[in-house]
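What follows is a set of notes on a single structure, which appears directly below.
The values are calculated or read from the model by the stated rules, or taken from the named source; none is laboratory data. Note that the coordinates shown come from a computational prediction; the quantities given were computed from them, not determined experimentally. So basically every Cβ, Gly included, is an ideal-geometry build from the backbone, and we count neighbours across all protein chains shown.
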Amino acid sequence: MSSNRPTLPRVRLDAASYESLRQQVLHRDGWRCQSCGTMSNLEVHHKEFRSRLGDDSEANLITLCAVCHAKAHRARS
Ligand SMILES: [Zn+2]
Ligand SMILES: [Zn+2]
């Protein structure tokens, strides 16, 4: 019996699907950071971390600018 079976990666969307999901989220949020309202340097943030139960669904994603996104990852209260 071989025990060096690679662990299966979590199911992830392919790049094209993820990109279209991103566009949906950006559109839903009106192309504005949902924290400060800026319309530049937008990124999509997972509300639940992927390592927990967060998954790639529109409900779990939010539009944040690069600055607020960095803060969201730093400020874990
Ligand atoms: Zn912001
Ligand atoms: Zn994030």
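If you take the residues in region 2-34 that are at pLDDT 85 or above, of a type outside the set (S, T, N, Q) and part of a loop (DSSP other than H, G, I, E, B), which one is nearest to Asp56 (Cα to Cα)? Looking at residues that are at pLDDT 85 or above, of a type outside the set (S, T, N, Q) and part of a loop (DSSP other than H, G, I, E, B), I get Asp14. Assess whether Ser40 counts as being at pLDDT 95 or above, assigned to a loop (DSSP other than H, G, I, E, B) and out of contact with any helix residue (DSSP H, G or I) (no Cβ under 8 Å at 6 or more places or on another chain). In short, yes. Just to be sure I understand, how many residues within region 47-70 are within 16 Å of ligand 1 (Cβ to nearest atom) and either surrounded by 13 or more Cβ atoms within 10 Å (Cβ to Cβ) or at pLDDT 95 or above (or both)? Matching residues across region 47-70 total 10.
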